[in-house]
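Down below is the structure, laid out as structure tokens.
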Amino acid sequence: MLSLTTGLVPLVLAGLLGWTGSVKLFDRDTVRRAPRTALARMLRSSERAALVLRGVGAVELLLAAGLTAVPANPLPGTATAVLGAGFLGYLGYGRALAPESSCGCSASEDTPITWRAFARAAVVLAGGATAAVAHGTWWSTITGRPGGSLVFLAVAAAVLVALSADLDRWWLLPLRRLRLRVFGHPLLGGEAGDHVPVAASVELLERSLAWQTASPVVRSGLLDHWEEDGWRFLLYSGVYGRGERARPVSVVFALDAAVGRDTPGDPVVRVGLVDADTGEPVARELLNAVPPRRALPMVG
């Protein structure tokens, strides 16, 4: 198992650094998201932060190339370990300086710095140290032990995906949606009438008092929507709290699926906030600020 790990760690790190480096260096969102990173607070300049992110991306791509091409050479692994240590230092300082800001680790995250960012940086540090002492190559390891290599790479990929907040939309958000449908509080009954476009429901939501109350928490556009028991659910991601208490949440609104722009009266809107990491309901005081006629907490 040890030889399998040391043989394949360079390939795993190359995949991780190749992905994050490419996003930082080539993605247009790097410039747009740079002002929301802790790095922009440190450098007191969004432009400098974007340039540093691009530079770090280039370094990551160089290390990924080295880990792929010369995995037995200790230099790429050592440099990767140093990079991981630098990431940990940056995350610690960024969490203390601007806990509500994102880390910009992949230049596509808007969530605050959490334990997952620290864990991924620790993986880079430990993996780099392991790669620095590796003697074989990843291609010889795969050739010699194809079955074990496949299992190891699959598990490593799953771990890295779980530690990457910007990939949540591909797996975590659907799981949260399923959890809310299975374990959420029962809704009031009712049959859906004529089909109402989702855009109309979003427009009605954004005119409601529930949206005005919860919008400071929302940090995304509409991520997902579904209908159940006559209600239309609209899912957003957000950040609740300030300073050390800031944490990512899922923000779920529910409206009558049959209510459209021409329906008289104000629509009934329910709103629920769920901790993104624990699944526990949060922000009861925020929900209670919305009059019961307009928004009824789903997380009582």
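Looking only at region 116-130, decide whether some residue is at pLDDT below 90 and either in contact with an Asp or Glu (Cβ under 7 Å, 6 or more places away or on another chain) or surrounded by fewer than 20 Cβ atoms within 10 Å (Cβ to Cβ) (or both).
Yes; the residues of region 116-130 include at least one that is at pLDDT below 90 and either in contact with an Asp or Glu (Cβ under 7 Å, 6 or more places away or on another chain) or surrounded by fewer than 20 Cβ atoms within 10 Å (Cβ to Cβ) (or both).
Only residues that are open to solvent by 20 Å² or more (accessible area, probe 1.4 Å) and without any contact (Cβ under 8 Å) to a residue 24 or more places away in the chain: list them for region 233-247, please.
Passing the criteria: G241, R245.
Could we say that R169 is basic (K, R), outside the structural domain of V249 (by TED's automatic domain parsing), under 13 Å from the mean Cα position of the chain (by Cα) and modelled with pLDDT of 90 or more here?
Answer is no for this residue.
The values are calculated or read from the model by the stated rules, or taken from the named source; none is laboratory data. Worth saying up front: this structure is predicted, and the values here are computed from it rather than measured. Every residue, glycine as well, gets a Cβ built from its backbone with ideal geometry; the counts of neighbours run over all protein chains shown. To get the accessible areas, we keep the full protein, side chains included, count just its heavy atoms, and leave off ligands, DNA and RNA. Shrake-Rupley method; radii C 1.70, N 1.55, O 1.52, S 1.80 Å.
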